[in-house]
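The structure under discussion appears below in the form of structure tokens.
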Amino acid sequence: GENVEQHPSTLSVQEGDSAVIKCTYSDSASNYFPWYKQELGKRPQLIIDIRSNVGEKKDQRIAVTLNKTAKHFSLHITETQPEDSAVYFCAAMGSISNTGKLIFGQGTTLQVKP
Amino acid sequence: GAVVSQHPSWVICKSGTSVKIECRSLDFQATTMFWYRQFPKQSLMLMATSNEGSKATYEQGVEKDKFLINHASLTLSTLTVTSAHPEDSSFYICSARENIGHYGYTFGSGTRLTVV
């Protein structure tokens, strides 16, 4: 079945440094790749997403890159701040003409040290 | 924007009893909703895809007789955990897309189930 692998599981950076989280997916039909930030006990919050017809997307300090050939995508956070500390999940969605179920990666706990 | 309301936000039940969790799309019609389970410090695991007016599609390893899903209308899907056991204690969360061609997912606020 569909699978999404996410690395690293934990990431600690100094405030102001960059953070990179990587994901690979197995279903070549996947065409939508969102990234979520989740606070403890809360719903996931979409921070950025990318569709398969685009290789890169940026929103202020956050960017996502997609390599469809290699079936991997990455989240880049620049100038990290303590409030960026959270758990981040990547996800991949299969064909939107289907039910389009979203499969999540294992998550990355990001700690930004002041 | 699209809103999905999920109730209850938390529930404690005794072993052997059943618990129903509701997920409502408030300002859009959702022909498809998704149910996830999340154990502490783990990822969201897709349990099933709920289709309005038809049977749910369960992921491999999810017991359909234990986790009953009903999607009787375009705005309401329910998940019933039957004969709950302590190992069913988890965070359950639903999500929906506004329509088949829409990429954005809206998540409910989640339900913390504790079985004692």
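Coordinate-derived values only; no laboratory data. Note that the coordinates shown come from a computational prediction; the quantities given were computed from them, not determined experimentally. Note that we place each Cβ from the backbone using ideal geometry, even for glycine, and neighbour counts take in every protein chain shown.
Mind checking A:46-54 for the average number of partner chain beta-carbons within 10 Å of each residue's beta-carbon? List each step's numbers first, then the result.
Numbers: counts 4, 0, 0, 3, 0, 1, 0, 0, 0.
Average neighbour count from other chains, rounded to a whole number: 1.
Once fully extended, how much extra length lies between residue B:80 and residue B:57, figured as 0.36 nm per residue of separation less the alpha-carbon to alpha-carbon distance? Intermediate values should be presented prior to the final figure.
Details: separation 23, 0.36 × 23 = 8.28 nm, distance 1.49 nm.
Fully extending the segment from residue B:80 to residue B:57 adds 6.8 nm.
If you wrap the stretch A:34-114's Cα atoms in a convex hull and average its projection over all directions, what's the area in nm²?
Working: hull surface 24.5 nm².
Mean projected area of the Cα convex hull: 6.1 nm².
What is the local net charge at residue B:91, summed over the other residues whose Cβ is closer than 9 Å to its Cβ (Lys, Arg +1; Asp, Glu -1)?
On the way: positive: B:37, B:112; negative: none.
So the environment of residue B:91 carries a net charge of +2.
May I ask you to list the GluC sites (Glu not before Pro) in the stretch A:7-66 that are in a DSSP loop and have at most 15 other Cβ atoms within 10 Å of their Cβ?
Working: sites: A:15, A:39, A:56; in loops: A:15, A:39.
Answer by residue number: A:15, A:39.
Along the stretch B:84-92, what does the Karplus equation 6.51 cos²θ - 1.76 cosθ + 1.60 (θ = phi - 60°) give for ³J(HN,Hα), rounded to whole Hz, x for Gly and Pro?
5, 10, x, 5, 7, 4, 5, 9, 10
Which whole-number percent of Cα pairs in the protein assembly as shown have a distance greater than 31 Å? Before the final figure, lay out the partial values.
Numbers: 5745 of 26335 pairs.
Roughly 22 percent, rounded to a whole number.
Regarding the stretch A:1-77, what's the average projected area of the Cα-atom convex hull, expressed in nm²?
Working: hull surface 23.8 nm².
Dividing the Cα hull surface by four gives the mean projection, 6.0 nm².
Any idea what Rg and Dmax come out to for chain B if you just take the C-alpha atoms, in Å?
In order Rg, Dmax, the Cα atoms of chain B give 13.4, 42 Å.
If R0 is 25 Å, what FRET efficiency do you get for residue B:17 and residue B:42 from their C-beta distance, rounded to 0.05? Mind dumping the intermediate values first?
Values: r = 25 Å, r/R0 = 0.99.
Using R0 = 25 Å, I get an efficiency of 0.50.
Quick one: net charge around residue B:18, please, counting Lys, Arg +1 and Asp, Glu -1 for every other residue with C-beta under 15 Å from its C-beta. Spell out each step's value before the answer.
On the way: positive: B:14, B:20, B:64, B:66; negative: B:22, B:63, B:65, B:88.
In short, 0.
Using Cα centres only, tell me the gap between the stretch B:2-24 and the stretch B:80-94 in whole Å.
9 Å
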